[in-house]
Amino acid sequence: MAASILLQGGTLLLHGHDDHVESVKADLLIEGSIITRIESDIEPSSGTHIIDCRDKVISPGFIDTHHHVWQTLQRGRHANQLLLEYMATGNFTSSLHTPADIFWGEVGGCLECLDVGTTTVVDHAHCNYSPEHSKAALAATLSSGIRPVFCYCPTPRLDSWDPFKINMDFLPPWVMSTLEELVAHTSLLNSRIQLGFAFDGAWLPKEVIVNTFDKVKSLGIKVITTHYVHNASLSTNSLMALGTPVAFSDLGLQSHSSVGVDCHSNQSASIPSELRLLLQCSRGLNNEKFIAQDKIPKRVNKTIEEAFNLGTIAGARAIGRGTELGSLKVGKKADIVVWDAASPGMVCAAEEDAVAAVVLHSSPADLEMVIVDGVIRKEGGKLKSVDFSEGNEIWDGENGIWEWKEISKELTRRRVEMMKKVEKIDFQAATKGVIQGFYIDEEKIMESV
């Protein structure tokens, strides 16, 4: 692998003052994992890997700040399900996954993220049925090549499906001792991986929560996340009747907001797709206020640039890494995506407004290259091979170098085996159990209002 990469002659999307994004024709030099030069006519040194980026748009890699990456084997299952149905058929079916199933689901989720241009993902990893489950997920993440914030998550577990019974011991001793063990792994030091903590146990006694957070912070963990009804994904919120995300709402929280996919078992993992949906939905909702009063809006609500920033620099700041990630700047990490500006979807749009071309006109098919930490992970529109041995210090259940075609076959095989387990479950009874277990007032569940 070349020690340096030169992206030559492309249109760079550069963040400037007040996060304004400018399209600039220039070269970009990567040395190791860092962007070291952005200027015209860079003279490459011997051994530099030169990539012709004429007719290309070069943007920062996208940052997904809320995603359950392990759920690949459940794809397609929740297309017509609301939250209560999803809790039974989605969240709690983590109990049916072996550690190896979690590993493969995590690999599939990480590689979809890379394929659609996500270079950093905050993984709310609520798959912690045993120490081995979380170790397998973390090993897969490390092997995939993505830059994750792996948020280790105490997970509600089932005692049984029939009758549906939730194990109320949310924090058995092994949960926190496993986190300590993961923090101590030398393979994580100076790697792409950042450990975080995901916690959805706000119903626990105050002293338990305080002690848990004190322990987490004592381990040096800086990113702590939880669920919020109006969360990061409009796709998931719209499907599951959870309202619109806060990012472009009237709550005034845009400066502290970012976006995520949430469940790639429901929809694509593409952040540009989420940005597009969020932007146009917020515009539509704003316009409805004017229409209701027989008025005409004077200007469009929310801009392309604001949407683009939610998926890049705002995401970096949300995880406390705005000085390292989220924009193309000398000294920052080389997390970069390269778009084909001459594709049927982006041609002409890229020449007029390259940011608009990415947010409104692009599709994953237009992504030619994805670079994470200075390493090419997708090239010529195809994912590079994955070396599973990179995660073996954490979990050694899988080995070898795998191409995507082989990975997809294994995912399909495991899905078939998973469905044999799923078909034995009475999900109507399980959904009833979820309603009772979470003390939901059934009189509020209605066909229409």
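The values are calculated or read from the model by the stated rules, or taken from the named source; none is laboratory data. Nothing here was measured: the structure is a model prediction, and the numbers come from that model. Here the Cβ is made from the backbone with ideal geometry for all residues, glycine too, and neighbour counts use every protein chain on show.
Points worth noting:
- Summed over segment 141-162, residues that are in contact with a strand residue (DSSP E or B) (Cβ under 9 Å, 6 or more places away or on another chain) and either outside any loop (DSSP other than H, G, I, E, B) or farther than 28 Å from G437 by Cα (or both) total 15.
- Helices (runs of 4 or more DSSP H) completely within segment 252-341 that count 1 or more residues being farther than 25 Å from I221 by Cβ and touching a residue at least 12 places away in the same chain (Cβ under 8 Å): 271-292, 304-310
- Meets criteria (in a strand (DSSP E or B), out of contact with any strand residue (DSSP E or B) (no Cβ under 6 Å at 6 or more places or on another chain) and at pLDDT 95 or above) for I35: yes
- Among the residues of segment 243-274, those that are modelled with pLDDT of 95 or more and either aromatic (F, W, Y) or touching a Phe, Trp or Tyr at 6+ places or on another chain (Cβ under 8 Å) (or both) comprise I271, P272.
- Top-ranked residue in segment 163-203 [being among the charged types (D, E, K, R), in contact with a Lys or Arg (Cβ under 9 Å, 6 or more places away or on another chain) and part of a loop (DSSP other than H, G, I, E, B); ranked as modelled with the highest pLDDT]: D169
- Of all positions in segment 119-135, none carries a residue that is without any contact (Cβ under 8 Å) to a residue 40 or more places away in the chain, in contact with a Gly (Cβ under 9 Å, 6 or more places away or on another chain) and not β-branched (V, I, T).
- Scanning segment 204-220 for residues that are in contact with a helix residue (DSSP H, G or I) (Cβ under 9 Å, 6 or more places away or on another chain) and either touching a residue at least 60 places away in the same chain (Cβ under 8 Å) or part of a loop (DSSP other than H, G, I, E, B) (or both) gives L204, L219, G220.
- Residue list for segment 94-111, restricted to those being surrounded by 24 or more Cβ atoms within 10 Å (Cβ to Cβ) and outside any helix (DSSP H, G or I): H97
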